[in-house]
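In what follows, a single structure is set out as structure tokens and then discussed.
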Amino acid sequence: MGVDQVAKALGTYGADNRVRADFVPADRYCAADILQLEKEKLWPRVWQIVCRVEELANVGDYVRYDICDDRIMVVRTSATEIKAFYNVCQHRGRRLLDQPKGNVKNFYCRFHGWKWGLDGSLNGVPHREEWAKCGGVDDKALALPELQCSQWGGWIWVHMDPKAGSLVSYLGAAAKVLEPYDFQDMRRAWHVVLNAPVNWMVVIEAFNEGYHAGATHVAKLEYLKMHAPVTAYGPHTMYFTNFSDRARAKREDGTWKETTSTAELIYYQAMELFERLHALVMEPQMKAISRVYKEMKDAPAEQVYKRIWELHKEELEATGAKWPAQLTMEVAAAAGASWQIFPNTILFPIVDGTLWYRMRPHATDPDKCIFDIWCLRRYAAGQEPKIETQVFDGFEAAAGVNPFLEEDFANMLAVNDGMKSRGWCGARTNPSEELTVTHFHSQLDKYLRSP
């Protein structure tokens, strides 16, 4: 795509059409050529998560990963090595692996029978001798093209550019701040995939800021007094959540009353996440918070947080799970509530119920995307559940699965519809609590405008 086409896709270069701290132009979402720009200039140039390391436990285990028009597969090639290749036969371009995951001895093309080893080397060409008149088959040139492949946080990450910098350098401060959580020791508690009828950026922006909570999540707790200021770390962003001790909560008898202490507020917030989100707050932490609520309901905030931390560790270790050795209250406080790893990963760093999101655009339709939601937990060795990924076509198909997230789904549908109106010129973002949104677009612009 030429310079003029890029300018057209991103709008004019005038100041009024630039991303700024309180504004994102509508064309960043709605311009017809944005999807093509993303395919050319964004996805081949960023690190992306594919799957959890434990999904590739045995030699030959693989997971497919599709991003727009690119077909990728990661595979365990030995007890100590995992590699990533393009999932494409080098003969006629057929996709080699059709199933989303499985185990193979080699990569076999069902079209003409060409075959590659797990290391990507070509080791089977039917009627090979018939290429003699054209100089023969060049095995090295026809090996499966390999991608950069790395691990962090228990995830397999890939990058299409063989000259790109390391994953750790890409993650930057995020890796350092989040390392004490030992995400690699967590395992999947559940995994939901939504084929969502909205643009992938709409999904990103539904979850990468806390400003929406006061108007969106109203079933059990009043979040209007919560503030969520944002900090940027390179291309990535993080936000904190700050609650007032005064917030209304829906009690067990169905009435709404104002909370009167830190312990009471924490208890009702935790109960909502435990009962309606099924992540972030899991049984060990809920037990700890319930104990503190009963035993020291009116204690000062500092004492409440300290005691919850102590009991949380006690309750988690009672299950046989391992508490992260380097994780302290101070470290957790510095890690904040949520991180967006540019461009399409969001995580909530929690000790025993981390929520992790990934959003990918549909290959041809900008009004569709693939939205993965994982809940990660700590388990005693050997007690990890065998989970089945749940796949839903559309938000309505997932009704009843997660009441808390369904409140966000309704917003996404309405935003994806409304932002196309000529009556909307762009997002008027909160320069503190929605800095996640504007920073994301400023970083995206850097990629889309690059040569």
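Read-outs: derived from the displayed coordinates by stated rules, not from any lab. Please read these numbers as outputs of a predicted model, since none were measured by experiment. Because the Cβ atoms are built from the backbone with ideal geometry, glycine has one as well, and the counts that use them run over all protein chains shown.
The GluC sites (Glu not before Pro) of region 192-274 meeting both criteria, a DSSP state outside H, G, I, E and B (loop) and at most 16 other C-beta atoms within 10 angstrom of the site's C-beta, are Glu252. Once a ≥ b ≥ c are taken as the square roots of the eigenvalues of the Cα gyration tensor of region 46-178, is the result rounded (a/c under 1.5), prolate (a/b larger than b/c) or oblate (a/b not larger than b/c)? It is prolate, given that a/c is not under 1.5 and a/b is the larger ratio. Extent along the principal axes, Cα only, for region 390-434: 36, 27, 14 Å, with the longest axis given first. Computed from the Cβ-Cβ distance with R0 of 56 Å, the FRET efficiency linking Cys134 to Glu295 stands at 0.10. Going from the fewest other Cβ atoms within 10 Å to the most, the residues Cys68, Cys134, Cys51 appear in the order Cys134, Cys68, Cys51.
Computed from the C-beta positions of Glu314 and Val391, the FRET efficiency with R₀ = 41 Å rounds to 0.60. The helix-based estimate of mean residue ellipticity at 222 nm for the chain, built from -39,500 (n - 2.57) per DSSP H run of four or more residues and divided by its residue count, is -7500 deg cm²/dmol to the nearest 500. Computed extension length for Ala219-Ala337: 40.4 nm, one decimal, from 0.36 nm per residue of separation with the Cα-Cα distance subtracted. Diffusion coefficient of region 129-244 by Stokes-Einstein, Kirkwood radius over Cα pairs, 4 °C, 1.567 mPa s: 68 µm²/s. Extending 7 Å from the Cα toward the beta-carbon at both Asn123 and Ala173 defines two label points whose distance is 4.7 nm.
Just check region 106-173 against the gyration tensor rule for me: Cα atoms, a ≥ b ≥ c as the square roots of the eigenvalues, rounded for a/c under 1.5, and otherwise prolate or oblate depending on whether a/b exceeds b/c. Prolate shape, in that a/c is at least 1.5 and a/b is the bigger ratio. In this rough spin-label picture, where each label sits 7 Å from Cα along the Cβ direction, the Thr328-Asp69 distance is 5.3 nm. Here the residues Phe392, Phe111, ranked from fewest to most Cβ neighbours within 10 Å of their Cβ, fall in the order Phe111, Phe392. Compute the acute angle (0 to 90°) between the alpha-carbon long axis of helix 283-295 and the principal axis of greatest extent of the alpha-carbon atoms of the chain; round to the nearest 10°. The answer is roughly 10 degrees. What Cys residues in the chain are without a partner cysteine, judged by a Cβ distance under 4.7 Å? Lone cysteines by the Cβ rule: Cys30, Cys51, Cys68, Cys134, Cys149, Cys369, Cys375, Cys425.
Look at the Cα gyration tensor of region 210-362: its axes a ≥ b ≥ c give a/c of at least 1.5 with a/b at or below b/c, and that counts as oblate. Ranked for footprinting exposure by Cβ neighbours inside 10 Å, fewest first, Thr77, Thr345 give Thr77, Thr345. Calculated on C-alpha atoms, the gyration radius of region 319-383 divided by its Kirkwood radius gives an Rg/Rh of 1.11. When the scattering of the chain is computed by the Debye formula from its Cα atoms alone, each counted once and equally, what is log10 I(q)/I(0) at q = 0.08, 0.09, 0.12, 0.14 Å⁻¹? After summing over all Cα pairs, the log10 values are -0.52, -0.65, -1.10, -1.42. Taking all C-alpha pairs of region 348-390, those more than 13 Å from each other amount to 66 percent.
Taking only the C-alpha atoms of region 264-303, Rg followed by Dmax gives 10.1, 28 Å.
Quote the relative contact order of the chain in percent (integer), defining contacts as alpha-carbon pairs under 8 Å separated by 6+ residues. Relative contact order for the chain comes out at 21 percent.
In this simple spin-label model, placing a label point 7 Å from the Cα along the Cα-to-Cβ direction at both Lys446 and Glu302 gives a separation of 3.9 nm.
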